[in-house]
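Each remark here refers to the structure printed beneath this line.
The values are calculated or read from the model by the stated rules, or taken from the named source; none is laboratory data. The structure presented is a predicted model; accordingly, all values stated were derived computationally and were not measured. As a convention, Cβ positions derive from the backbone with ideal geometry for all residues, glycine included, and neighbour counts pool all protein chains shown. Surface areas here come from the heavy atoms of the whole protein model, side chains and all, with no ligands, DNA or RNA. Shrake-Rupley method; radii C 1.70, N 1.55, O 1.52, S 1.80 Å.
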Amino acid sequence: MTDSSSPRTAPVRPSLTAAPQGNAMLRSLTGLLTRWLPRQRWFAGKGRPLGGLTVVSATELLPCGSGGPTPGLLHLLIRTRQGPASGAQGPATGDCYQLLLGVRPSLPPSLAPALVGRPAEGPLRGSVVYEALHDPRLAGLLLERLRAPGTLGTLHFGRAPGAVIPSGLPARLLSSEQSNSSVVYGDAFILKLFRRVSPGVNPDLELPLALAEAGSTRVPAPAAWFEAVWPGTMTEPLTLGVLAPYLAGSTDGWQLALQSLSRRADFTSSAHALGRATAEVHTTLAAALPTSVLRRAQLEQAATAMTERLTEAASAVPALRPYRSGLRAAFEALGDYARRGGTCVVQRLHGDLHLGQVLRTPDPRGRGCHWSVIDFEGEPARPLSDRRRPGPVVRDIAGMLRSFDYAASQHPASGPWVDAWYRANRTAYCRGYAEASGQDPLEQPELLRAHETDKAVYEVLYEARHRPAWLHVPMAAIRRLATPPD
């Protein structure tokens, strides 16, 4: 990767935002977007009043005001202004969102679900504005831009040296993502577009690039990407999208685990191999990027932060309160571990590892299967600076172990067999990790139990707020974790 194309060393480029045109366009779109944005799955400000929109940049990838038969394509970075949730106190906040809008004189029936609206004024008056990613023609244009590195307005398109990206691949928008949008091109590539963006290289580009440069086969290597400069600032570029190989024929770990449970089939060999794959990713990241060591003060601080998160969660979810004392014991044990001289290496991580973030692909030579790790973005709700911060590998491990528990909870009948499935795969995963890394997570019980407990507390708060019907899953783990270990 040369300095001119690497997002980690990309120079700040001049902004070419046409402010008068951008502001005129925004005025014509404000009312439409104010109604449309809160309805999108990836909009993070639900429950808070949308007080206003500001254009950060506006770039025409295809001319939008011609009125001819060719659709226009407008790229926008929009800053929102939102007040606190109903009944809450606090200052107004906002986020920056990436929008790709198509513009046509009229909308064909196949694109009707993508309608944003019809501007009544401004440069786009009389046109129909719609979500461009639903339009295979406009989604295909993005692929063509990624095939030809360069700059257009505030946008910069980069491409990995040696990457072969065919032209004319058919585009289809995936409908399953929550916080981002993804377009698949043929069966060859997938483009992930980040919807809520902020200055700084997204770890879903940074870490796969580092792993690919180090020779890892556990992650699809980015082939191309695009980013933007925040106009008028010297901040890092904003990562907007990443194009990577599409693993056709693969199945995610969540579906495989559910299949195992439905058939009462063994999953331990897969869990063991997954543990090895996780360890290989961690060891490669540790070799490629800086690491450090947490000692007594930092570990005690981490234990205190976990306790504070428990207190906040218990104040919001009454069901958690009877278990506070038992759960705090796990965090106190982490503090005791630190006072006995225990340490913990921290490094770059996946950040949100679970069974849905791993793909198993059959080996075309008939030699078993291969696990790949995807989606290194981390938890999208957390600030980008937090997601790029090094952490202990046990955080990823705890996330995967909790995912095994979530999968087991989907079995229609609970009982000894389901519990044995969970425990066997937990052990197999940790053993696989130990074989590949030389470090057994089960031999550091204070670290593992504290991070599993912290993760379960987070899950309780999340489920209570977003999926109350699932609250029983982390609560079962809470009852288990609040009991003193053998």
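Any residue that is open to solvent by 20 Å² or more (accessible area, probe 1.4 Å), without any contact (Cβ under 8 Å) to a residue 60 or more places away in the chain and part of a helix (DSSP H, G or I) - is there at least one of those in the range 276-296? For the range 276-296, residues open to solvent by 20 Å² or more (accessible area, probe 1.4 Å), without any contact (Cβ under 8 Å) to a residue 60 or more places away in the chain and part of a helix (DSSP H, G or I): present.
Determine, yes or no, whether residue 352 is more than 27 Å from the chain's Cα centre (by Cα) and not aromatic (Phe, Trp, Tyr). Spelling it out, it is not the case that residue 352 is more than 27 Å from the chain's Cα centre (by Cα) and not aromatic (Phe, Trp, Tyr).
If you scan the range 119-130, which residues turn out to be out of contact with any helix residue (DSSP H, G or I) (no Cβ under 7 Å at 6 or more places or on another chain), surrounded by 17 or more Cβ atoms within 10 Å (Cβ to Cβ) and in a loop (DSSP other than H, G, I, E, B)?
Looking only at the range 119-130, we keep the residues that are out of contact with any helix residue (DSSP H, G or I) (no Cβ under 7 Å at 6 or more places or on another chain), and these are 120, 126-128.
Then keep just the ones that are surrounded by 17 or more Cβ atoms within 10 Å (Cβ to Cβ); that gives 127-128.
Correct list: 127 only.
Look at the range 325-354: where a residue is open to solvent by 10 Å² or more (accessible area, probe 1.4 Å) and a partner is among the aromatic types (Phe, Trp, Tyr) and in a helix (DSSP H, G or I), sitting 6+ places away or on another chain with Cβ atoms under 8 Å, you get 354/254; 354/406. Here is the figure for the range 440-476: residues that are of a type in the set (A, V, I, L, M) and in contact with a Lys or Arg (Cβ under 7 Å, 6 or more places away or on another chain) total 2. Scanning the range 306-323 for residues that are surrounded by 13 or more Cβ atoms within 10 Å (Cβ to Cβ) and touching a residue at least 40 places away in the same chain (Cβ under 8 Å) returns 306, 309, 310, 313, 317, 319, 320, 323.
When residue 479 is tested against the conditions (1) open to solvent by 40 Å² or more (accessible area, probe 1.4 Å); (2) closer than 30 Å to residue 284 by Cβ; (3) modelled with pLDDT of 95 or more, the lone failure is (2). Within the range 131-149, residues that are outside any helix (DSSP H, G or I) have Cβ atoms under 9 Å from residues that are among the aromatic types (Phe, Trp, Tyr) in these pairs: 131/36; 148/157; 149/157, counting only partners at least 6 apart in sequence or on another chain.
Each residue in the range 25-50 was checked for being under 23 Å from the mean Cα position of the chain (by Cα) and open to solvent by 20 Å² or more (accessible area, probe 1.4 Å), and 9 of them qualify. Annotation note: Cβ proximity below 8 Å between a residue of the range 463-486 that is more than 16 Å from residue 331 (Cα to Cα) and a residue that is surrounded by 13 or more Cβ atoms within 10 Å (Cβ to Cβ) and at pLDDT below 90 (sequence gap 6+ or interchain) occurs for no pair.
Among strands (runs of 3 or more DSSP E) entirely within the range 162-267, having at least 3 residues that are surrounded by 17 or more Cβ atoms within 10 Å (Cβ to Cβ) singles out 180-185, 189-194, 224-228, 238-245. Within the range 400-453, the set of residues being over 15 Å from residue 276 (Cβ atoms), aliphatic (A, V, I, L, M) and either touching an Asp or Glu at 6+ places or on another chain (Cβ under 7 Å) or open to solvent by less than 20 Å² (accessible area, probe 1.4 Å) (or both) comprises 401, 407, 408, 418, 447, 448, 450.
I'd like to know if the range 437-458 contains one or more residues that are aromatic (Phe, Trp, Tyr), touching a residue at least 12 places away in the same chain (Cβ under 8 Å) and farther than 24 Å from residue 259 by Cα. Among the residues of the range 437-458, at least one is aromatic (Phe, Trp, Tyr), touching a residue at least 12 places away in the same chain (Cβ under 8 Å) and farther than 24 Å from residue 259 by Cα, which makes the answer yes.
Looking at 227, 177, 213, just one residue is at pLDDT below 95 and over 30 Å from residue 417 (Cα atoms), and that residue is 177.
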